Structure formats: C-alpha cells, structure tokens
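Following: one structure in structure tokens, then a few remarks.
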Amino acid sequence: MDERCENLGEVQRKLDLAIENFARIGENNETRTGSNFRPTYDNLAEMSRRLFQRLLYSLPDGYAHHLCVFEAVDGGYKTELRVDMDTELDALKWVWKYEDQMRVTFH
C-alpha cells in the first residue's frame, strides 16, 4: 500500500483531533483577545465532518478503504482511495455496489 494512504478509521480519528484543536484555538483566542471567532471554527469543524461523512456514506460496506488523497477543489473535492481486493471480480463487485448505492453508472 502506498505510504501516503491511511485507513479511513485513522483518518476519522485525526479529523476529530484536528476539530478539537480548532475548538481549543477558538476558546484561547476568545479568552485572550475578547473577540469571538468561535462561529468560524465551529463552521469549519461542521463542514469538515459533513464532507468526511459524505465520503464515508458513498463507499460500499465490507471493504477496507484507504484514503490517499482528499483535497478541496472548486465545487467539491478530489479523492483517491485504495481498496483491498484480490481479483478483478472483487473490483467489479465493488463498482456494482457503489453504482447501486450512489445511483450512478460508470462507463
């Protein structure tokens, strides 16, 4: 597996830690300066959670997904995933499940 790829569970754990850190930064800033940036941090945290949950929701269950690239781009995000599977038939089954779940068709 490519070293830049991580299991989605580990990615979720890191995202949760980053969100907690954002919240602490907002609290420290509010206490130190009297200004309130909490809505900005809270909105960023919520947007991050929603985006990651949309990604998780889109993936078929029963596979070990590894996130290699997750970048914000105009109008959405670019994602590169690796999935553990052994045969071409396994890959086709994953695609069929994804198509059925997301109501899309690959050509």
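Structure above, values below:
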quantity	calculated
Residues of segment 78-98 satisfying the condition of being open to solvent by 70 Å² or more (accessible area, probe 1.4 Å), under 18 Å from ARG54 (Cβ atoms) and within 16 Å of the chain's Cα centre (by Cα)	LYS78
First in segment 4-18 and free of Cβ contacts under 8 Å to residues at least 40 places away in the same chain, second anywhere and charged (D, E, K, R), Cβ under 7 Å, 6 or more apart	none
Which listed residue, of ARG4, ARG24, is more than 30 Å from ARG82 (Cα to Cα), open to solvent by 80 Å² or more (accessible area, probe 1.4 Å) and modelled with pLDDT of 65 or more	ARG24
Enumeration of residues in segment 83-107 that are of a type in the set (Lys, Arg) and modelled with pLDDT of 90 or more	LYS93, LYS97
Close pairs (8 angstrom Cβ cut-off, 6 or more residues apart or separate chains): on the phi > 0 side of the Ramachandran plot in segment 79-97, of a type in the set (A, V, I, L, M, F, W, C) and not in a helix (DSSP H, G or I) anywhere	none
Lone unmet requirement of (1) in contact (Cβ under 8 Å) with a residue 12 or more places away in the chain; (2) open to solvent by 80 Å² or more (accessible area, probe 1.4 Å); (3) in contact with a strand residue (DSSP E or B) (Cβ under 9 Å, 6 or more places away or on another chain); (4) of a type outside the set (Val, Ile, Thr) for CYS68	(2)
Tally, over segment 55-90, of residues that are aliphatic (A, V, I, L, M) and over 16 Å from LEU15 (Cα atoms)	7
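The values are calculated or read from the model by the stated rules, or taken from the named source; none is laboratory data. Here the structure is a predicted model, which is why all the values come from computation and not from measurement. Reconstructed Cβ throughout: ideal geometry from the backbone, glycine too, with neighbour counts over all protein chains shown. To get the accessible areas, we keep the full protein, side chains included, count just its heavy atoms, and leave off ligands, DNA and RNA. Shrake-Rupley method; radii C 1.70, N 1.55, O 1.52, S 1.80 Å.
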